[in-house]
Amino acid sequence: MKPVALIAAATLAVAGSAMAQQSSGDPVRGKSVYARCAACHDLNTGATRLGPSLKGVVGRTSGTMPNFNYSEALKDKAVVWNAQTLDAFLGGPAKFAPGNRMAFPPLTNPQDRADLIAFLEQSAR
Ligand code: HEC
C-alpha cells in the first residue's frame, strides 16, 4: 500500500469508531429526554397514564401491556421493542405504525434517541 492509502485507511477506521461511539447512548442524558415522555408514560409501577406503562418495555412486544386500550395499529405491528425498533418508532411514530394514537412528534435528534433508549434499558424495569 502507498502511504497515502494507509493514511486514508487509518482515517476511515477513526471515523468508524467515532460513529460507533455516537450510537451508544448516555442514560444520564437520556433521563432528561425522558422528561418529555413522563406525563404520558409511567416507568416502573405498571400504571396507565395517557399511554401504557413503559415498565419492562425493552423486550416486550408492542401493544401487549395489560389494561391498556391500544390502537389496532400498534397491536398489529407486533414488534419486539429493542434499541432498533424503539429508535425507528421514536424517530417517526406515525410513519412506523400508521394510525397509532401516540400524539408525539418525531424525536429527530439521533443522539437524543440513543440516550433515551439507554435510559429506558436501564430504568424501565
Ligand atoms: C401525549 C402523550 C404521550 C407522550 C408525550 C408520549 N407518548 Fe408514548 N404513547 C402514548 C400513547 C397514547 C401510546 C399508545 C398508542 C396506541 O395505542 O396507538 C403510546 C405508546 C408508546 C409505546 C409503545 C408501548 C407498547 O406497550 O407497545 C412506546 C414504546 C412509547 N409510547 C414511548 C414513548 C416515549 C419514549 C416517549 C417520549 C419520547 C413517549 N412515548 C411520549 C402517549 C404518549
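No lab work stands behind these numbers, since they all come straight from the coordinates. Everything numeric in this text was worked out from a predicted model, so none of it was measured. We place every Cβ from the backbone using ideal geometry, glycine too, and count neighbours over all the protein chains shown.
When the helices (runs of 4 or more DSSP H) confined to region 46-125 are screened for residues that are within 9 Å of the ligand (Cβ to nearest atom) and within 11 Å of the chain's Cα centre (by Cα), those reaching at least 3 such residues are found at 83-91, 110-123.
The set of residues in region 79-103 being farther than 22 Å from residue 114 by Cα and exposed (fewer than 13 other Cβ atoms within 10 Å of the Cβ) consists of 98, 99.
When region 33-60 is examined, which residues are found to be without any contact (Cβ under 8 Å) to a residue 60 or more places away in the chain and exposed (fewer than 13 other Cβ atoms within 10 Å of the Cβ)? Those that are without any contact (Cβ under 8 Å) to a residue 60 or more places away in the chain and exposed (fewer than 13 other Cβ atoms within 10 Å of the Cβ): 35, 38, 39, 45, 47, 50, 59.
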